[in-house]
Structure formats: C-alpha cells, structure tokens
Amino acid sequence: MASSSFPANLIICDQSSMSVQELVKNPLPSLPQRYIREDHYQLSETESLLIDAEAEPIPILDMNRFLSEQHREGELRKFHSACRDWGIFQVVNHGVSEEQLEELRNGVEGFFSLPLQEKMKYKIRPGDVEGYGTVIRSQDQKQDWCDRFYMTINPIHKRKPYLFPKLPSSLRTILDLYIQKVQNLGMTLLSLLEKELKMEEREMREALEDGMQSLRMTYYPPCPKPELVMGFAAHSDSSVITILNEVNGVSGLEVKKNGVWLPVNFLPNSLVVNVGDILEIMSNGVYKSAEHRVTVNTDKERISMALFFLAKLEAEVGPAKSLISPENPPLFKRMGMEKYLNDYFSRKQQGKSFLEYMSIKKEHVIASTM
Ligand SMILES: O=C(O)CCC(=O)C(=O)O
Ligand SMILES: [Fe+2]
C-alpha cells in the first residue's frame, strides 16, 4: 500500500513517548497516564475469568501429518475445527529449525538492544505506518506497553529501501530465510484450507499469491504495574492469517474464547497461527478471526514476531464467490484490498469492531432503525 494513501488521522508518537524500553531504563515513580487503561478494573475482573489453559489447550497441528496417508484426514478435520471454533492453533514441524529460531532470536534481541539513536534511523516517517515507533489513531487513544517495528516484506518491490535492506546484516540474513520458510508454511496452510472450505480451485491462492505481507516485531518491556497497562490491547488481525513467533519464549498472549480470556502457552519452538479478519470474511463466517491481546509482567521482557498474510492490492476482500448462494448469502461487504486497509487504519481498533463494520447484517440493522 502506497504510504501516501494512508488516512490522515494517524498520529506518529514523538520520540519522548515512542519507546517504552527507554522509559523503563530509569525508576518510574508512577506510570505515565497515556499507558494507564481506564478499563483496568474491568481487565482485572476478566482476569479472574482466566481459566487454566491446561484444561483446554489451543489445538496443535503437526505439519508432518498432512504428508502421511494415514494421518492426513484426521489432521485436516482438526485444522478445520481449529479455524472454526478457536481461530488460533499451534503448529509443530513447521519447517523452521531450532537453530534457525535461535539465530532469529539473537538477531531480534540484538536489534532491540541497539541504542535508541540507532533504532531511530528506522523511525516511522510522516504519512506512513512502517518503521520503528508507534502510530496511534486518535489523541485520546491509550498506548500499548510495547515498542514496535512494522514493515511490508512482500511484494519485494514494496519494501522500503531504508527499512529491511538497512537492518543489521546478521538479522537480515536470518530474517530472509525465516520469511521464506514461513511463507511456504502459510501458503501450504491456505491451500489446505481452500480445499477444506470447498472453495473453487485456487480462489484463495490467486488472491494471495505474491500478495501483501508484512512483519511486526514487538518488544514488551517489564512493567512495575502490569495490571494497569496492556502490552497489546484486544484486537483481531486484519490479515487472512498471521503466523506468530514468541521469539524469546516469554508468554503473555491471550485469546478470547466464548467470552473468556485464555492464556496461549506456546510449545517450545512452535509457531502460532491466527485466523485474521479477511479469512473470516472470505469463508463467509465459517472461520472466526481470533480476538487476542498481550499482557505484560513485572520482571521479564517479551519479544514476538508476527508475519501477516494479506491479499494482493488488486484483489477484492469479500466472501468467496464460490461459497455464496441464495441459501448462503454474503455476510460481509466486498471491497478492494486498498480500501479495506485504508478503512481499517481510519478506525479505532477495539476487539473485533472492524469486522462488525464489514458485516452486512449490521448495516441493515442500522439502516432499518434510521
Ligand atoms: O505479541 C504477540 O504475541 C501478539 C502480537 C500481535 O497480536 C500482533 O502483532 O498483531
Ligand atoms: Fe495481533
């Protein structure tokens, strides 16, 4: 997406408020207001709803099983129900080796431990959302307790010359390899889903092949009062799917299931896949995007990396045509990918509110009450 087409409401946080990592370097008598959630009491209440994730661990898919005659069918059924009932699952045997994950961890930790002036070389530029720093969508929006680096990675010609190509070379080399492997994993999962959904051959892959992909590295510093802040407020991703890596093995991700926040405990070296809003739309509501958030803790920093699979800029976001019939009318609006992203960035992110905006039912309700 061309940076010039981003909506004007986006505000880039200035240097003094862009790095939480810098903020926590000195003792904090109290937390700055911009991080304190008014709904923190509510958060503590929901916290009490947290049930032990061991009682209901998120589904685990083994990519090797898709290759085995004997296990393939069972694994496909598990995959289908994971996307329908959870919107999130873990993947093992995903193709990224332990050594590569370790190398990536070193590279990303190295990046976040660079002095601020070094990281500022990648800072978000006016009118854009890519780079190091924080973009908020309105002045009254509370900030998350994290530092981010976000960039487009695909198509290659959309990479900003001052971001990916200018990363420290050790990080760039391992990131390149990681991206290739995760791209393979993502496209394999999406082609399996296309079949599961009984979509027309290649309908999904055509919208996605060499489509937009972006990557976000997030650094969550420890917080003296973690109950007052959110590492990453509740949201669903605007993607088709997102592949998440808990880079330094520190937990904090939570997913909402049946109104209850559940901790997501990553198995060591696994990757977590999220269903994003576009997949909920494409599948006409068969699959559900995962509402998720990140909490922080008092003593451990957390680092994650998310790779977002979006559609091609020329593609349309809407329920797959092959799934729509008079008995199964479209539940969501249809729009070009570019407008979809623009509308997404123009609106406050609150849970799954963007998907509600995309929903046709809701529009009808509003129209009929006016
Ligand atoms: O840090 C995480 O585990 C989640 C990050 C996330 O939800 C995102 O980047 O959209
Ligand atoms: Fe997310």
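The values are calculated or read from the model by the stated rules, or taken from the named source; none is laboratory data. Keep in mind that what you see is a predicted model, and the values were worked out from it rather than measured. Cβ atoms come from the backbone with ideal geometry, glycine included; neighbour counts cover every protein chain shown.
Starting from segment 118-147, take each residue that is touching a residue at least 12 places away in the same chain (Cβ under 8 Å) and of a type in the set (Asp, Glu) and list its partners that are surrounded by fewer than 19 Cβ atoms within 10 Å (Cβ to Cβ) and not in a loop (DSSP other than H, G, I, E, B), counting only C-beta distances under 6 angstrom and pairs at least six apart or across chains.
That search, which allows pairs on different chains as well, returns Asp128/Ser3; Asp147/Gln21.
State whether one or more residues within segment 83-96 are surrounded by 14 or more Cβ atoms within 10 Å (Cβ to Cβ), at pLDDT 95 or above and closer than 26 Å to Pro222 by Cβ.
Taking every residue of segment 83-96 in turn, at least one turns out to be surrounded by 14 or more Cβ atoms within 10 Å (Cβ to Cβ), at pLDDT 95 or above and closer than 26 Å to Pro222 by Cβ.
Report those strands (runs of 3 or more DSSP E) wholly inside segment 213-322 carrying at least 1 residues which are within 11 Å of ligand 1 (Cβ to nearest atom) and of a type in the set (Val, Ile, Thr).
So the answer is 213-220, 241-245, 253-257, 271-275, 292-294, 302-309.
Buried (at least 22 other Cβ atoms within 10 Å of the Cβ) and within 16 Å of ligand 2 (Cβ to nearest atom): does that describe Val229?
So Val229 fails the test.
Which ones in segment 108-162 are over 18 Å from the mean Cα position of the chain (by Cα) and aromatic (Phe, Trp, Tyr)? Give the steps one after another, and end with the answer.
First, the residues of segment 108-162 that are over 18 Å from the mean Cα position of the chain (by Cα): 109-128, 138-142, 155-162.
Correct list: Phe111, Phe112, Tyr122, Tyr162.
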